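Working notes for the structure below.
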Amino acid sequence: MSTIAEYYFGLPLLLRMVLQGTAVILVLFPAAAACSMAERKISAWIQGRPGPNRTVAPFLAWIPGISILRNLGLFQLAADGGKFTFKEDPVPGHVNKFYFILAPIVSMIPALTTVAVVPLGAYISNGQLLPIILADVDVGLLAVFAVSSLGVYSIILAGWASNSKYPFLGSVRASAQLVSYELSMTLSVLPVFLWINAPGEHGTLNLFDVVQKQSGTGFAWDSVWFAAYMPVSAFIFLVALFAETNRQPFDMPESEADLVGGFHTEYGAFKWSLFFVAEYCHMIVGSGVFCLLFLGGWNPLPGLPLALLADWLGIAGVPLLTGLLGIGIFAGKVASFIFFFMWVRWTLPRFRYDQVMNIGWKKLLPLAIANLVFYALAIAVIQK
Amino acid sequence: MTDPRDLLFSLFAVFTVACALGVVLNRNAVASALSLLLCLVGVAGLFALLDAFLLAVLMVFVYAGAVVALFLFIIMLLDVKGGERKPFGAATVVAGTLAVGLLTTGVLTVARAATPAKDAPQLVAQNFPKLKDYAELLFTQYLLPVQVVGFLLLIAMLGVIVLSKRHEGLEDIK
């Protein structure tokens, strides 16, 4: 065990970084694929039908008890993946070929890059809580916003390169929507950072520090999660998150009732599945950011921080186990949040396009500004 | 073995210059805009190598994330084909060469006689300029310039609204 660790830390820094990054992507990518399966199962559950439950590889069918996995739709996931990979991938004749192929590739870049500055958990080493994160930079959340704002290019390119009307309309809608809701989203998180950057402390936008401020023990001021202190911020962020990830009720870009398939009408097979996976990656990372900002990150309960739980379990001295515990709790929160995403999708009807714009500019943005002013004043009074 | 930073610097520098050339030389306006996007990402990478993470992030956030998206938007709305550009004329080539020459002379002169201004903020002296250092300077020493620039932008925005609105009967201006 220790020899592996020694060997690993003997490797050059650049190689280690590449390995860590690859490891995270290797987890995130299948997680996004699993989300698509979960979506099908949850939609089936909400609509009172069994969902995919018949797929099974023939050479596995004789194993007793496999029907449980089959009923969960686990093999459907593999079948879907296989289909998307091996299906013929036609490129329509009227498209702008280079950009048509570029668009789905571009869609993956921001989706997989944002995760670098999001802490995935925390571990305890020598009594100190440290983040598990690829790039521990000061700008933290700003970097997430910056990189995820690049996601709009894949949609613009896809719609434009498809060279037909519905995809173009879809991409124009998508860009307008993404740009509009980015504003409210950014404004909604400012109160959180005003609060944690109290005068005299070192200024930061790091998400790890945000969680540290929600890690109080017992009935302390800082043991309450920010969702309770700043419900309006959390709500605005949540709504904007739905819009930014193009999820129902904000899935204007692909609203199939009026735009066939929106920006990805002309896409099929593997290229289409890349868009799909990118959307789920955005959803996972967005949920993660929400949990870190407003739901206490890797702390299991308000007033019960990770360090205390590790103490109770008697594993506080083992960094590996505390790390796994932290990641597990955080992943659990993210998973339940993704369930919430899907619950909303299969419950609420889609907005009309003018309603989306009205909500964004006339309701959400003024609310976000009012919220910011209110908290700026309140925080100034409290922290004086 | 060379410092990985040097290697990364060379990579980003070549990448940035190549993309900048791409912006100018591409016939297709969409391709030019995308080259500009990559060029800005390269500049952001150079900033990150200088430990100026805030500048790097703002570069991506503001320019790459919003401004170039608007460029693309307008190109596509005006011309779905992506706008083919005419080949360069003689005047353009002369003007371009002149501009490059002037710029090179300017940069060389500055690099030769490089002495930092006396009242330049001492951010570089610290190892990692924190976000808070930027914020403090912007809200104390540079408050007036920030306000003036903000005001200019506001005027520009109002100007666009006034100019782009169709005035039938000139009633709605008042």
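The values are calculated or read from the model by the stated rules, or taken from the named source; none is laboratory data. As the structure is a computational prediction, the values presented were derived from the model and not from experiment. Ideal geometry is used to build each Cβ from the backbone, glycine not excepted, and the neighbour counts take in all protein chains shown. Protein only, heavy atoms only, side chains kept; ligands, DNA and RNA dropped before computing areas. Shrake-Rupley method; radii C 1.70, N 1.55, O 1.52, S 1.80 Å.
Might you let me know whether the range A:48-59 holds any residue that is open to solvent by 40 Å² or more (accessible area, probe 1.4 Å), in a helix (DSSP H, G or I) and among the hydroxyl-bearing types (Ser, Thr, Tyr)? No; the residues of the range A:48-59 include none that is open to solvent by 40 Å² or more (accessible area, probe 1.4 Å), in a helix (DSSP H, G or I) and among the hydroxyl-bearing types (Ser, Thr, Tyr).
Tell me, please, whether a residue that is more than 20 Å from A:GLY218 (Cα to Cα), of a type in the set (Gly, Ala, Ser) and modelled with pLDDT of 80 or more can be found in the range A:291-306. No, that holds for no residue. Of all residues in the range A:1-14, those satisfying the criterion of being in a helix (DSSP H, G or I) and loosely packed, with under 10 Cβ neighbours inside 10 Å are A:SER2, A:THR3, A:ILE4, A:GLU6, A:TYR7, A:PHE9, A:GLY10, A:LEU13. When B:ASP133 is tested against (1) touching a helix residue (DSSP H, G or I) at 6+ places or on another chain (Cβ under 9 Å); (2) at pLDDT 75 or above; (3) acidic (Asp, Glu), only condition (1) is not met. State whether the residues of the range B:111-121 include one that is more than 12 Å from chain A (Cβ to nearest Cβ) and either part of a helix (DSSP H, G or I) or at pLDDT 90 or above (or both). Checked against the condition, which is being more than 12 Å from chain A (Cβ to nearest Cβ) and either part of a helix (DSSP H, G or I) or at pLDDT 90 or above (or both), the range B:111-121 yields at least one hit. For the range A:20-40, does any single residue satisfy the condition of being out of contact with any Gly (no Cβ under 8 Å at 6 or more places or on another chain), farther than 21 Å from A:ALA335 by Cα and open to solvent by 50 Å² or more (accessible area, probe 1.4 Å)? There is at least one residue in the range A:20-40 that is out of contact with any Gly (no Cβ under 8 Å at 6 or more places or on another chain), farther than 21 Å from A:ALA335 by Cα and open to solvent by 50 Å² or more (accessible area, probe 1.4 Å). Of all residues in the range B:43-58, which are outside any helix (DSSP H, G or I) and open to solvent by less than 20 Å² (accessible area, probe 1.4 Å)? Correct list: B:ALA52 only. For the structure I just gave you, tell me whether B:LEU70 is touching a residue at least 24 places away in the same chain (Cβ under 8 Å), open to solvent by 20 Å² or more (accessible area, probe 1.4 Å) and either at positive phi or of a type outside the set (Asp, Glu) (or both). No.
Yes/no matrix, rows are residues, columns are (1) open to solvent by 30 Å² or more (accessible area, probe 1.4 Å); (2) under 17 Å from the mean Cα position of the chain (by Cα); (3) in contact (Cβ under 8 Å) with a residue 24 or more places away in the chain; (4) within 14 Å of chain B (Cβ to nearest Cβ):
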{"position": "A:ILE105", "(1), (2), (3), (4)": "yes, no, yes, yes"}
{"position": "A:THR114", "(1), (2), (3), (4)": "no, yes, yes, yes"}
{"position": "A:ALA122", "(1), (2), (3), (4)": "no, no, yes, no"}
{"position": "A:SER125", "(1), (2), (3), (4)": "yes, no, yes, no"}
{"position": "A:GLN128", "(1), (2), (3), (4)": "yes, no, no, no"}
{"position": "A:PRO131", "(1), (2), (3), (4)": "no, no, yes, no"}
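Taking the range B:19-42 as the range and being away from every other protein chain (no Cβ under 12 Å), over 23 Å from A:ALA146 (Cβ atoms) and part of a helix (DSSP H, G or I) as the test, the residues that pass are B:LEU21, B:VAL24, B:LEU25. Scan the range A:326-384 for residues that are of a type in the set (Val, Ile, Thr) and either under 29 Å from A:ALA32 (Cα atoms) or under 25 Å from the mean Cα position of the chain (by Cα) (or both) and the total you get is 9. So is B:MET76 farther than 20 Å from A:ALA135 by Cα, among the hydrophobic types (A, V, I, L, M, F, W, C) and either within 11 Å of chain A (Cβ to nearest Cβ) or open to solvent by 70 Å² or more (accessible area, probe 1.4 Å) (or both) or not? Criteria met by B:MET76. When the helices (runs of 4 or more DSSP H) confined to the range A:137-232 are screened for residues that are surrounded by fewer than 19 Cβ atoms within 10 Å (Cβ to Cβ) and more than 9 Å from every other protein chain (Cβ to nearest Cβ), those reaching at least 3 such residues are found at A:165-196. Scan the range A:50-104 for residues that are closer than 20 Å to A:ALA32 by Cβ and hydrophobic (A, V, I, L, M, F, W, C) and jot them down. Result: A:LEU72, A:LEU74, A:PHE75, A:LEU77, A:ALA78, A:ALA79, A:PHE84, A:PHE86, A:ALA103. Close contacts from the range B:132-145, counting a first residue that is within 12 Å of chain A (Cβ to nearest Cβ) and a second that is among the small types (Gly, Ala, Ser) and open to solvent by less than 90 Å² (accessible area, probe 1.4 Å), with Cβ to Cβ under 6 Å and a gap of 6+ residues or different chains, come to B:LYS132/A:GLY203.
Would you mind stating whether B:PHE61 is in a helix (DSSP H, G or I) and touching a residue at least 12 places away in the same chain (Cβ under 8 Å)? So B:PHE61 does not fit the description; no.
Screening B:LEU49, B:LEU58, B:LEU54 for residues that are out of contact with any strand residue (DSSP E or B) (no Cβ under 6 Å at 6 or more places or on another chain) and more than 8 Å from chain A (Cβ to nearest Cβ) leaves exactly one candidate, B:LEU49.
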